[in-house]
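*Asks:* Please see the structure below; I have some questions.
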Amino acid sequence: MIFETERLLVRKLEIEDDELFFDLKRNINVAKLLPRKTLSKIESDLELKTLINLEQNSTKKIWALTKKENLELMGCCGIMKNESNQDEIGYQLREKFWNFGFGTEIAKALIDFVFYNLKSEIVTADVNLENKSSIKILSKFMTLEKEFFNPEDNCFDRRYILRKVNWK
């Protein structure tokens with residue numbers, strides 16, 4: 001286990017997560033929020049294996065997000081470095097877990113992890129302008145820094161930022 005919240009556990013991804021990971025990656029409603037294309041089962045399995053094999057000292061860490069009560073894979077979350085070498089949080093939930101407060105719960109926990117486990121002074125999050133739910137979540141904790149064109153995803157994003165001195 002990496003860390004936990006009141007209702008959630010964050011752990012390493014496992015090959016046994018393949019079916020529920022595929023449920024996440026094939027869903028058009030989930031994919032369009034990034035925006036990314038949906039994945040076939042073969043593509044999903046390859047991405048899962050890639051994420052499992054990320055080195056521990058990598059600048060990108062992607063984990064499984066599960067419910068405490070039954071350990072069902074709800075989605076993924078993680079921390080990576082942005083182009084300014086700042087820690088950036090991210091999360092993605094399977095559609096059946098939307099609108100229950102899990103996004104807010106994991107965003108808050110990821111911020112805590114960056115500040116208290118990684119000892120960073122700044123945390124950021126990038127979000128597609130079309131992803132209204134994540135914009136609402138990030139606005140609770142962070143300040144809008146800028147809007148920009150994201151060529152990797154071919155969309156406009158917002159970057160949110162939070163300094164440790166302003167947390168809690």
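The values are calculated or read from the model by the stated rules, or taken from the named source; none is laboratory data. Note that the structure is a prediction, hence the values are computed from the model and not measured. Cβ atoms come from the backbone with ideal geometry, glycine included; neighbour counts cover every protein chain shown.
*Asks:* Taking the condition in contact (Cβ under 8 Å) with a residue 24 or more places away in the chain, under 26 Å from PHE148 (Cβ atoms) and in a loop (DSSP other than H, G, I, E, B), does LEU34 pass?
*Replies:* Numbers: in contact (Cβ under 8 Å) with a residue 24 or more places away in the chain: yes; under 26 Å from PHE148 (Cβ atoms): yes; in a loop (DSSP other than H, G, I, E, B): yes.
Yes: the conditions hold for LEU34.
*Asks:* Another question, if that's okay. Take segment 140-168 and flag every residue that is assigned to a loop (DSSP other than H, G, I, E, B) and either under 16 Å from the mean Cα position of the chain (by Cα) or under 27 Å from ILE28 (Cβ atoms) (or both). Let's see the steps before the verdict.
*Replies:* Pass one, segment 140-168, residues assigned to a loop (DSSP other than H, G, I, E, B): 142, 151-154, 167-168.
Hits for segment 140-168 are MET142, PRO151, GLU152, ASP153, ASN154.
*Asks:* Report, by residue number, each residue of segment 90-139 that is more than 13 Å from the chain's Cα centre (by Cα), part of a helix (DSSP H, G or I) and of a type in the set (Asp, Glu).
*Replies:* Result: GLU95, ASP112.
*Asks:* Could you tell me whether ASP112 is among the charged types (D, E, K, R) and loosely packed, with under 14 Cβ neighbours inside 10 Å? Before the answer, list the steps.
*Replies:* Working: among the charged types (D, E, K, R): yes; loosely packed, with under 14 Cβ neighbours inside 10 Å: no.
The answer is no for ASP112.
*Asks:* If a residue has to be at pLDDT 95 or above and in contact with a strand residue (DSSP E or B) (Cβ under 6 Å, 6 or more places away or on another chain) to count, how many in segment 34-50 make the cut?
*Replies:* Number satisfying all stated conditions: 0.
*Asks:* Let me ask something additional. Has segment 57-68 got any residue that is modelled with pLDDT of 95 or more, of a type in the set (S, T, N, Q) and surrounded by fewer than 15 Cβ atoms within 10 Å (Cβ to Cβ)?
*Replies:* No - not one qualifying residue is present in segment 57-68.
*Asks:* While we're on this one: Which pairs turn up if I take residues in segment 53-77 that are within 12 Å of ILE2 (Cα to Cα) and touching a residue at least 24 places away in the same chain (Cβ under 8 Å) and look for partners that are part of a loop (DSSP other than H, G, I, E, B) and among the aliphatic types (A, V, I, L, M) with beta carbon separation below 6 Å, at least 6 apart in sequence or on another chain?
*Replies:* TRP63/ILE2; ALA64/LEU13
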